[in-house]
Amino acid sequence: MAPAQQDVLMCKESVQSQIKIRHIDSEFKIENGDVSENNNVVAKNGASDETNSDKDFDLSKYEAMEFTARIKWPDLIVQLVLHLVSIYGLYLTLTFQVKILTILFVLATIYTSGFGITAGVHRLWSHRAYRAKLPLRILLAFLFTITGQRDIYTWALDHRVHHKYSETVADPHDVRRGFWFAHVGWLVLTPHPAVENRRAALRLTATDLIADPVVRIQKLTFIPLFALLNIVVPTAVPWYCWQETLFNSFVLSFVTRFTITLNIAYCVNSFAHLWGNKPYDRFIRSVENQAVSLAALGEGWHNYHHVFPWDYRTSELGRINISTNFIDTFAKIGWAYDLKAASTTMIINRAKKTGDGTFGETEEPDPSPSEYKHL
């Protein structure tokens, strides 16, 4: 299980002009109902407190359980169809049977909508690593819906389960079961009973998610929004604007784009838990993977993220992290605020204590505390 972050103090420091960051150093202060428990930031509200604890959950019992997953055939068929059609879409692209504007539109949609995952459902709603005003939350929900990766509530809830029970049978995409299971198998196989148990338990603590009207509305309207934003609009734009054939537009702008977006997200669960270095914690599976970070807008610095899941940057300063730049941009205009980040001291101390010795080999140094004093 990923280690819990303990004894951290939040204090406000201005690290960049107009960007207020809650610099976390030594002691954790509970504010506004936030708690950091087992690397999973959740809402702590009244009756849900007991449910969020593990006192009635015997993980060892589930680890010892004999379990054989069954194939969820509808989900498997959908995945097979998506990937087969996407292979044909790549063939159309490589044989120049689609217009260059269509290809550019697909790439732009993939990376623009990706912020809905990285800055939205992941850093904002799953980890509450920062706060966002209503216009930004609406924008992020809009972008996330374009990716088609379920509704915000379901995605965030599963991600909290993943962090709280990482590398156990209660982890929805437990990497110990192999690359393919972590990559896509967990979506086409019946979940382990421990996963179902913890999903039900954390659902009672996820009141912060459903309390957000943006999350609530997106959840209620997900199916029509999926059809409109993930299928109809992406298919119609190339067909209407530059006369791409409707068939090519459907294959490239919906199926192939959707499948590529899915696989980029899958890579965080698979590649970023298997291949890379571990400068912050050598005892967990998650790693630093630059290739995944390039594809996933900064989400591949996964060893850092599992050690400091509440850090809005998901990596140290100096790392390639476009999503951090995205959040910083909105922080400058006040739409993003209360940004949480680990201090330099905390990062260095953790790397010395549990890292694999590769800390500092590729990172640019985070500004020292003395450099903040004049700000």
**Item:** Rounded to the nearest 20 debye, dipole of region 86-212 from Cβ charges on Lys, Arg, Asp, Glu
**Value:** 260
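Here are some pairs, Lys55/Lys340; Lys133/Lys332; Lys164/Lys332; Lys278/Lys340; which of them have Cα atoms lying more than 20 Å apart in this structure? Don't jump to the answer; show the numbers that get you there.
Numbers: Lys55/Lys340 29 Å; Lys133/Lys332 13 Å; Lys164/Lys332 32 Å; Lys278/Lys340 22 Å.
With Cα atoms farther than 20 Å apart: Lys55/Lys340; Lys164/Lys332; Lys278/Lys340.
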**Request:** May I ask you to order 307-313, 94-100 by the average number of other C-beta atoms within 10 Å around their residues, highest value first?
**Result:** 307-313, 94-100
**Prompt:** Ala69 versus Thr154, label points 7 Å from Cα toward the beta carbon: distance in nm?
**Reply:** 1.7
**Item:** Inter-label distance, nm, simple model (7 Å from Cα along the C-beta direction), Ile87/Lys353
**Value:** 4.9
**Item:** In sequence order, calculated HN-Hα J values of region 260-270 (Karplus, 6.51, -1.76, 1.60; Hz; x Gly/Pro)
**Value:** 5, 4, 4, 5, 4, 5, 4, 4, 5, 6, 9
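Taking only C-alpha pairs under 8 Å that are 6+ residues apart, what is the relative contact order of region 264-305 in percent?
With pairs under 8 Å counted, the relative contact order is 40 percent.
Readers should treat all values here as calculations from the given coordinates under stated rules, not as data from a laboratory. What you see is a predicted model; the values in this text were computed from it and never measured. Heads up, the Cβs are rebuilt from the backbone with ideal geometry, glycines too, and the neighbour counts pull from every protein chain shown.
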